[in-house]
Each structure stands twice: as C-alpha cells, then as structure tokens.
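Report on the structure given below.
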Amino acid sequence: MVYMATNARNVGYMSQAVGAEMRAELARQRKSARSFAKEHRLPLSTLHKNLRGERAIDVEDIDAFCTAAGIQASELIARAENVLRNVPLAPVTQLRAVAPGQAADGEAASKPADPVSLADYAAHDADTGGDIDPDVM
C-alpha cells in the first residue's frame, strides 16, 4: 500500500526504510531528533516527518542528514535496502508488533510471527541498544 505524503508524493517502503535507518543512526549516536536538528541546523518538522515515514524523503534531506551524522548517504541507503530485503512487508498502519513465538492473543504461535513494521524493526534493532527516541514516536 502506498500513502500520500504531505509533500504530495507517494510514500513508499523505501522512504519508510530510510526513515527507520535514520532513527537507528540517531539511536547509535545517542541523540534525540530535537538535539540533532538543533545542533546541525536542520528543520525539526522535516526531520520528524522523514524519521516517521510521513513524507517521501528528498535526496537533499538524505544528504543533509548523512553529512550531519558523519556517514555516507550510500551507507544509509544500503542499510535501508537490507531492511527491505529481510523484513516481511505489510502496510505500516495495519501492523502491530508481536513477539517472536507469540500469537496476537498472547498464546504460543503455531505459525511464524506476524510481520513487523519497519519502525518496530528499527526500534528494536540490536545496533540501537533498544533506545527509542521519545521525540520520534
């Protein structure tokens, strides 16, 4: 499913994956979106929309974020592509996280766990140490 973005372009899975990886990078650096935006003079509202996958991410926004974060844009895109290759996809608004081995009702699952949203995946990525930025959620 594709969502209309506030910048009048469709928000696809790639924008959502890039936003998830941007959130993961902030967590790796132990920075909140607010402090990162202020420190690097980036528009906070744009950064929040990008991090939450609410807008189609512009290449200039990716470049500005990566320059400020001290990483290569190609590295961020490669991470997002890796997420897309390894996570079963479903519309983010129709998902809720289910622990591995558990059914939605809390009983033991007899089939594989439901897919998780890219946001849930990034928030619980081992690289992040489990930190979730309250400014983003």
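Quick note: the coordinates plus some simple rules give every number you see, no bench work behind them. Given the structure is predicted, the values throughout are model-derived calculations rather than measurements. Reconstructed Cβ throughout: ideal geometry from the backbone, glycine too, with neighbour counts over all protein chains shown.
Are any residues in segment 26-69 over 15 Å from the mean Cα position of the chain (by Cα) and among the hydroxyl-bearing types (Ser, Thr, Tyr), and if so, which ones?
Ser35, Ser45, Thr67
How many of the residues in segment 40-78 are crowded, with 17+ Cβ neighbours inside 10 Å and at positive phi?
1
Among the residues that make up segment 13-25, is at least one of them exposed (fewer than 13 other Cβ atoms within 10 Å of the Cβ) and not β-branched (Val, Ile, Thr)?
No, the conditions are met nowhere in segment 13-25.
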